[in-house]
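The values are calculated or read from the model by the stated rules, or taken from the named source; none is laboratory data. Note that the structure is a prediction, hence the values are computed from the model and not measured. So basically every Cβ, Gly included, is an ideal-geometry build from the backbone, and we count neighbours across all protein chains shown.
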Amino acid sequence: MVRALLIAIAASALWLGSTSAEAGDQKPPLLFGTDVSLVQVPVFVSGRDGGAVAGLSPKDFSVEEDGRPVEIVSFRYIDTTASESQDEIRQSSAARRRFLLLFDKSFTDPAGLARAQKAAKEFVLEHLAESDLAAVATFDFLRGIRLVANFTEDRRVLEHAIRTLGIPSLSKISDPLAIAADFQATDLRRERGTESSSTPQELLTSILSVLVRQMQGAEEQAYRNRVRILLDGLEELGVSLRRIPGRKQILYFSTGFNSTLLAGQEATEQRRMSEAIVAGRIWEVDGSLRFGDASFRGEVDEALSSLVRSDSVVHSIDLSGLGTAEGYAQLPREAQPSRDASGRESLALIAGQTGGRFFKDANDLGPVLREMADLTSRYYVLGVQPRESRPDGGFRKLRVKVKPKGLRLSHRPGFFARSAEPERSPTLERQFEAAELLVSASDARSPVDSLPFRVLIIPVPTDTGRQSLGVVVQMPRSSLGDSAGSLELFGYAIARSGEIEDHFAHFLRLEAALPDATADARGLSFAGRFDVPPGDYTLKFLAQREGGGAATRFFEVTVPERPASAGFLLPPLFGDNPRAWVQLDLKGRSEGGLPLKLEAGGEAFLPRTDLSVRPGRKERLLLVAYDPKTARDPAVDVDIRSALSDDSGKRFPPGAIVVEKVIHDADGRRSYVLGFTPESVPPGDYTLRIQLGEAGTVLQSYTRLKVLPRGVADSR
């Protein structure tokens, strides 16, 4: 008997029970989320030697909100180095470590940047835990802060983002959420075969173009404007990260900006200004440079405060290092006798004011990043119940204390209570939040279902190294609302390793809920596909509307290896009225639409995502079969049998099935259009199994369906 290709699909739980910790040795459940009903506070505790402190209990901590004590309702010690805890940590958004690698292309040079890229690549490939998330961003004063790769587990995407730093001619990251890349089989081998010390010419040109503009506009005001662009970018970054749970570790690779803008001039310049004052040449004295610009310092404080309030810590990594002067200045050694380290004070300020570390005097950045990974690998997460809610959605200060003496604490300074009306998010914030919904939507405290839709997965076997998964997404009219705006639909096929094997993104502008010509349509029906190698996958879907409203759907699937030219029987597909939906193709790396053409009775067959039936109501089913033994014989006898069972395995009479039409395709596939009238069985969830016998060959498949009470109306 030739077995059909079967893919087990089970919806991932979006809701988990929330219970308090029980007494005894039983582990308390992980309770993490961003809703103000439970605020998670990652707390890093270090001893006198700077190492992480283990062995503390909830009784050793106390937490205050705006100066008043609040109760600790959940507690967990997190050790990201423990391999057995990785799956558990993944289920808790606030417990996951998040690293944002920020490369400064304006206040550094190609040599320093190349060292940073080499060390960062080693960091993400060798020193991150399985549950860790990382992102890559760049800054230059021409474009501000740009996200190259969003927070993701896919190390291939991170490695590629670090190498290319978002240069359009090099980057293969076309995904609008920046969590997936369009890799070919040889892409990463080619990148890894490149010498680690080399810099792509396109990237070198990009950096040098910034340096040329710096030289052309060397006036103090122009330089000050470039620093302000950096500060604006850091402030926006803080705002954009504020709703991403957990601590964000920002690794800032730069040589910093000249600190005289903050602290006044260096000693030699101070002496020159003093001589000018004594000689009466007051016009030569710039007070803002001599003593620092107070208003400018205020802008710095505001930008860094934005990062602190989002629970983001900036670790400044000085790229001037101990290297040769000509490496930094792009000048011969004799042209610059000393190294320019004028930006170190600004780097120290950024790190110190956000609670991070300042690393300097290092040509080899590998040990620096390894130390960073170790410093953040062990910590506590305290869940606290906030006091009464406030409608203003304002910032609430948190203070954590530890009873044992001599210990140092680092924790988030507070949280934002969510306002009743969602705010309009800047582009960067929308990117972060959309990716967060996909990365951590399994968080029990953060259900996402304000824009309902249904998904049907159709496995379509092929004779190639990649198997196809057809995708049908149907969004009912009631989900779309009446206001105009954009609709965004994303889909990702994520392997167990965290690598994204395929993805799609679809953007639709709705002037109204639906066009006038389709005023009677029930909604939107999208058709697309994933092409993936055999393996275990999580399929993640996100839909969101401009101005608010989002929903996620997760499915666990197994794609088995398929022997060449083996037979298959697709799962039974329930038909819908093609004229009742506005149909659109989802285009990914492959062509848009389903991986196979579905027809019934001379017209296109639209699979239904709502797999509910009612006893006594006739349904239309489509079976698609292929068997190389019978593909060339159109006159074989056909034997179709069905069985219906509940989750306990108990069998029920499935109902009457009749063959209405048989369609023979040129490639040997057969499509059977069936009429199916369910029997009267108790309402509930069932498995419908179909067995197809052709000339001694038997193929099998199944589908899940829900039986409704007789006479109860459904969504159709």
Matching residues, segment 600-622, being farther than 18 Å from Y686 by Cβ, among the aliphatic types (A, V, I, L, M), buried (at least 18 other Cβ atoms within 10 Å of the Cβ) and modelled with pLDDT of 80 or more = L606, L622
remark   = Over segment 102-159, the set of residues of a type in the set (G, A, S), part of a helix (DSSP H, G or I) and under 18 Å from E371 (Cα atoms) is A116, A119, A120
key: Top-ranked residue of segment 506-545 - restricted to ones that are more than 16 Å from Q467 (Cβ to Cβ) and acidic (D, E), ranked as modelled with the lowest pLDDT   = D516
inquiry  = Going residue by residue through segment 559-566, is there one that turns out to be at pLDDT 85 or above, in the same structural domain as P476 (by TED's automatic domain parsing), buried (at least 20 other Cβ atoms within 10 Å of the Cβ) and of a type outside the set (S, T, Y)?
reply    = yes
query = From the list E546, E599, which residue is in the same structural domain as G481 (by TED's automatic domain parsing), under 29 Å from E433 (Cβ atoms) and touching a Ser or Thr at 6+ places or on another chain (Cβ under 7 Å)?
reply = E546
query = Counting only residues that are of a type outside the set (V, I, T) and part of a strand (DSSP E or B), which one in segment 297-319 is nearest to N363 (Cα to Cα)?
reply = D318
task = Scan segment 371-402 residue by residue and report those that are at pLDDT below 80 and in a strand (DSSP E or B).
result = F395
request  = Identify all residues within segment 106-119 that are modelled with pLDDT of 90 or more and charged (D, E, K, R); write none if there are none.
outcome  = K118
query = Which ones in segment 145-179 are among the small types (G, A, S) and surrounded by fewer than 18 Cβ atoms within 10 Å (Cβ to Cβ)?
reply = S169, S174
key: Enumeration of residues in segment 120-144 that are of a type in the set (A, V, I, L, M, F, W, C) and either over 25 Å from the mean Cα position of the chain (by Cα) or surrounded by 21 or more Cβ atoms within 10 Å (Cβ to Cβ) (or both)   = A120, F123, V124, L133, A134, A135, V136, A137, F139, F141, L142
